[in-house]
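This report refers to the structure that appears directly beneath it.
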Amino acid sequence: MRVFGCFLLFHMLFDFYFQTNKMADKKESNRIALGLHCLIYAAGAAATVALLFEASVAATAASFTVFALSHWFIDGSLRRKIAGLDLSPVGSFLIDQMLHIVLLFMLSVLCCHLWVMRPIASNLLGNRGAELSWVSTLCFCGRPCSIAIAKVLQFLRNPGTEQSACTSNAHSGKWIGIFERLIVAALSLLNQYSAIAFIFTAKSIARFKQLESDKDFAEVYLLGSLASVFLAMASAVLFMYLFNNAGC
């Protein structure tokens with residue numbers, strides 16, 4: 001489970017933080033951009049394998065090839081098939097990420113069976129599980145959560161909503177959501193769940209007049225806030241479980 005946690009961490013870094021929105025849009029129609037992204041992603045995966053396991057150079061190169069081809073298959077061929085299903089943006093995004101997560105889990109199990117973990121990596125994962133839980137949770141609460149929640153709100157928002165109003169609030173709303181999730185995640189990791197209610201209450205009071213006068217906004221706002229809090233708490237629980245679980 002700890003190796004799977006490390007794989008999830010590198011996936012968040014290389015599929016979200018090291019890939020801009022411009023790169024993500026470009027790879028949809030440009031095979032060169034897609035190939036470059038897959039090579040960068042596979043390099044991060046191979047580096048993770050080399051740091052965790054006593055794998056030979058040939059084995060590390062093989063892992064690079066497997067990660068590159070599998071990522072190309074999901075982000076290329078499968079994504080085009082998913083797009084043909086006429087799903088909502090959030091539906092396509094969730095299916096895409098679930099495919100990546102299932103693949104990473106299978107590859108983490110395979111790596112644990114093929115190679116012995118490096119002693120320094122085993123000691124680090126065993127003694128620094130709490131720190132890795134913090135790093136992984138906070139990484140998840142940033143860009144990955146922002147993209148997921150933005151797609152949910154885009155799907156729910158009334159098409160008649162004025163574009164200028166949405167645009168003017170998008171940037172500030174994104175950062176408010178990020179800070180909210182970081183605080184909720186930190187409180188969850190510290191087992192201070194009761195304090196999370198105060199954050200949600202304070203945020204609702206600040207928007208009380210707008211919530212009262214605009215029912216459409218209230219529905220979208222409450223769902224976005226609940227999704228944000230849920231993802232932050234769930235990620236804290238998940239990564240604490242993964243990195244504090246004994247074994248590979």
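For the range 207-247, the set of residues classified as in a loop (DSSP other than H, G, I, E, B) and either at positive phi or over 22 Å from the mean Cα position of the chain (by Cα) (or both) consists of ARG207, ASP214, ALA246, GLY247, listed by residue number.
Residue-wise test of (1) of a type in the set (Ser, Thr, Tyr); (2) without any contact (Cβ under 8 Å) to a residue 60 or more places away in the chain; (3) under 17 Å from CYS145 (Cβ atoms).
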site: ILE183; (1), (2), (3): no, yes, yes
site: TYR193; (1), (2), (3): yes, yes, no
site: PHE200; (1), (2), (3): no, yes, yes
site: ILE205; (1), (2), (3): no, yes, no
site: LYS215; (1), (2), (3): no, yes, no
site: ALA218; (1), (2), (3): no, yes, no
site: SER225; (1), (2), (3): yes, yes, yes
site: SER228; (1), (2), (3): yes, no, yes
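If you filter the range 54-69 down to residues that are closer than 18 Å to LEU103 by Cβ and hydrophobic (A, V, I, L, M, F, W, C), you find that the one that is surrounded by the fewest Cβ atoms within 10 Å (Cβ to Cβ) is LEU69.
On the given criteria, is CYS139 in contact (Cβ under 8 Å) with a residue 60 or more places away in the chain, within 14 Å of PHE7 (Cα to Cα), crowded, with 18+ Cβ neighbours inside 10 Å and more than 22 Å from the chain's Cα centre (by Cα)?
Working: in contact (Cβ under 8 Å) with a residue 60 or more places away in the chain: yes; within 14 Å of PHE7 (Cα to Cα): yes; crowded, with 18+ Cβ neighbours inside 10 Å: yes; more than 22 Å from the chain's Cα centre (by Cα): no.
Spelling it out, it is not the case that CYS139 is in contact (Cβ under 8 Å) with a residue 60 or more places away in the chain, within 14 Å of PHE7 (Cα to Cα), crowded, with 18+ Cβ neighbours inside 10 Å and more than 22 Å from the chain's Cα centre (by Cα).
Among the residues of the range 199-218, is any under 19 Å from VAL152 (Cβ atoms), among the basic types (Lys, Arg) and at pLDDT 80 or above? No.
In the range 203-236, of all residues being more than 21 Å from CYS141 (Cβ to Cβ) and among the polar types (S, T, N, Q), the one that is surrounded by the fewest Cβ atoms within 10 Å (Cβ to Cβ) corresponds to SER213. Taking (1) more than 23 Å from SER146 (Cα to Cα); (2) small (Gly, Ala, Ser); (3) part of a helix (DSSP H, G or I) in turn, SER92 satisfies each apart from (1).
Could you list all residues from the range 84-130 that are touching a residue at least 12 places away in the same chain (Cβ under 8 Å), hydroxyl-bearing (Ser, Thr, Tyr) and surrounded by fewer than 17 Cβ atoms within 10 Å (Cβ to Cβ)? Matches in the range 84-130: SER88, SER92.
Condition check ((1) part of a helix (DSSP H, G or I); (2) among the hydrophobic types (A, V, I, L, M, F, W, C); (3) in contact with a helix residue (DSSP H, G or I) (Cβ under 6 Å, 6 or more places away or on another chain)) across all residues:
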{"residue": "LEU13", "(1), (2), (3)": "yes, yes, no"}
{"residue": "PHE16", "(1), (2), (3)": "yes, yes, yes"}
{"residue": "ALA24", "(1), (2), (3)": "yes, yes, no"}
{"residue": "SER29", "(1), (2), (3)": "no, no, no"}
{"residue": "ALA33", "(1), (2), (3)": "yes, yes, yes"}
{"residue": "CYS38", "(1), (2), (3)": "yes, yes, yes"}
{"residue": "TYR41", "(1), (2), (3)": "yes, no, yes"}
{"residue": "GLY44", "(1), (2), (3)": "yes, no, yes"}
{"residue": "ALA47", "(1), (2), (3)": "yes, yes, no"}
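Taking PHE155, is it surrounded by fewer than 18 Cβ atoms within 10 Å (Cβ to Cβ) and part of a helix (DSSP H, G or I)?
Values: surrounded by fewer than 18 Cβ atoms within 10 Å (Cβ to Cβ): yes; part of a helix (DSSP H, G or I): yes.
Criteria met by PHE155.
With respect to ILE196, determine if the residue is modelled with pLDDT of 80 or more and either outside the structural domain of ARG157 (by TED's automatic domain parsing) or under 19 Å from the mean Cα position of the chain (by Cα) (or both). Here the answer is no, as ILE196 does not meet what is asked.
PHE208 meets all of the listed conditions (1) farther than 30 Å from CYS6 by Cβ; (2) touching a Phe, Trp or Tyr at 6+ places or on another chain (Cβ under 6 Å) but one, namely (2).
The values are calculated or read from the model by the stated rules, or taken from the named source; none is laboratory data. Small disclaimer: the values here were computed from a predicted structure and weren't measured. Methodologically, a virtual Cβ is constructed for each residue, glycine included, from the backbone with ideal geometry; neighbour enumeration extends over all protein chains shown.
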